[in-house]
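Working notes for the structure below.
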Amino acid sequence: MTTIHSMRLQNHYFNCIKNGSKRIELRLYDDKRKQIKLNDIIQFFNEEQDNISAKVIGLLYYSNFHDLISDFDIDLLADKSMTKNDLLDDLNRFYSQQQQQQFGVIGIRIKLLD
């Protein structure tokens, strides 16, 4: 059975998913994210409550964001307006090193739905 999940995004990252450049969503692998399975649907929404839906097509498990980001091009993780260091700085503001160590992190490969 397909489950629908909701995730809030900052406008920049929301727009990167909407325009198709961001195809891997990065999150802490906490209890909420452990519920996500292949073929589930994620409804992303931004500060203006716009929303888009995407299908989960892959799950990438890592111990920290640095290692995950190192394995992929920036245009899969955000867009070319950012560097990997910019993205890592953003992620480290949301999730402490201690949290990353405790839970691990996940890259959720997504495909936009029409």
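No lab work stands behind these numbers, since they all come straight from the coordinates. These figures come from a predicted structure and were not determined experimentally. Every residue, glycine as well, gets a Cβ built from its backbone with ideal geometry; the counts of neighbours run over all protein chains shown.
Here are the numbers for this structure:
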| read-out | value |
| --- | --- |
| Pairs, first in contact (Cβ under 8 Å) with a residue 40 or more places away in the chain and surrounded by 11 or more Cβ atoms within 10 Å (Cβ to Cβ) in region 31-43, second in a loop (DSSP other than H, G, I, E, B) and of a type in the set (V, I, T), C-beta under 7 Å, six or more apart | I41/T2 |
| Selection count where residues are assigned to a helix (DSSP H, G or I) and touching a Phe, Trp or Tyr at 6+ places or on another chain (Cβ under 8 Å), scope region 60-73 | 2 |
| Subset of region 21-30 that is over 14 Å from R109 (Cβ atoms) and buried (at least 19 other Cβ atoms within 10 Å of the Cβ) - its residue that is nearest to the chain's Cα centre (by Cα) | L28 |
| Residue that is surrounded by the fewest Cβ atoms within 10 Å (Cβ to Cβ), among those in region 74-105 that are of a type in the set (S, T, N, Q), part of a helix (DSSP H, G or I) and without any contact (Cβ under 8 Å) to a residue 12 or more places away in the chain | Q98 |
| Single residue of region 47-57 satisfying the filter (closer than 18 Å to D114 by Cα and in contact (Cβ under 8 Å) with a residue 12 or more places away in the chain) that is surrounded by the most Cβ atoms within 10 Å (Cβ to Cβ) | A54 |
| Filter result (within 16 Å of V105 (Cβ to Cβ) and either in a loop (DSSP other than H, G, I, E, B) or among the acidic types (D, E) (or both)) within region 31-59 | D31, K32, I36 |
